[in-house]
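Only one structure is covered here, and it is reproduced in the block below.
Values quoted throughout were computed directly from the atomic coordinates according to the rules given, and no laboratory measurement underlies them. Since we're looking at a predicted model, the values are computed, not measured. Neighbour counts run over all protein chains shown; Cβ positions are idealised from the backbone, glycine included.
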Amino acid sequence: MNIKEYFSSLFEGTHSLIKGMEVTGKELFTKKVTEQYPENRAELKIPERFRATLQFIYDEEGYHKCIACKTCERNCPNGTIQIITRMVDLPNGKKKMKLDKYMYDLGSCTFCGLCVSTCPTDAIEFSNDFEQAVFRREALLKQLNYLPEKEKPAPEPKPAPAPKLEAAKPAAQEPKPEPKVEEPKAEPKVEDSNDVQPNVEQKETE
């Protein structure tokens, strides 16, 4: 270490010491406030990001989004989460893994948030309800899916596809009119010489 680096590190250490003493000095002269808990429960403001206990997210109809993939159970470093599943038969004849019990041990949770951040369906979250003191350790073991399980209504069958329209058939050809056969004209009758009008003969004799 040369002389320049020595004085540079000395200056940085002195600056850091002064900043720390500044914060400590402010607290020495700050008015002390005593939280009157639990009398001031109605006035307490708990930060939204405060991690108190794990809970399920239920919608208005009482459904949750957990698909029992066990991602949170595998990522929990303390084994706090235990997921119990069961096989159910689907209407189409197939089988599916479904959640039976979601067990959470609050006593061994480190509130690291790995379960929440890795959940693929955002089915769980941390609440900011910090009042979790109990007299028995068994009371810290909770079942998060506490609401009765509801079966989602089966999807409506898709409408049958419309029948394909047959290709338009070519218009039926009208029968060609048959050529008219001309009837033979009647030959003029040749009058007999005897058939002479009497008035003509009278004129000739006169």
Original post:
What single numbered condition from (1) touching a residue at least 40 places away in the same chain (Cβ under 8 Å); (2) assigned to a loop (DSSP other than H, G, I, E, B); (3) under 17 Å from GLU149 (Cα atoms) fails to hold for ARG51?
Top reply: (3)
Original post:
Can you tell me how many residues in the stretch 73-106 are under 13 Å from LEU144 (Cα atoms) and of a type in the set (A, V, I, L, M, F, W, C)?
Top reply: 6
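Just to be sure before I move on: is ILE67 touching a strand residue (DSSP E or B) at 6+ places or on another chain (Cβ under 9 Å), aliphatic (A, V, I, L, M), part of a loop (DSSP other than H, G, I, E, B) and surrounded by 11 or more Cβ atoms within 10 Å (Cβ to Cβ) in the structure I sent?
It is true that ILE67 is touching a strand residue (DSSP E or B) at 6+ places or on another chain (Cβ under 9 Å), aliphatic (A, V, I, L, M), part of a loop (DSSP other than H, G, I, E, B) and surrounded by 11 or more Cβ atoms within 10 Å (Cβ to Cβ).
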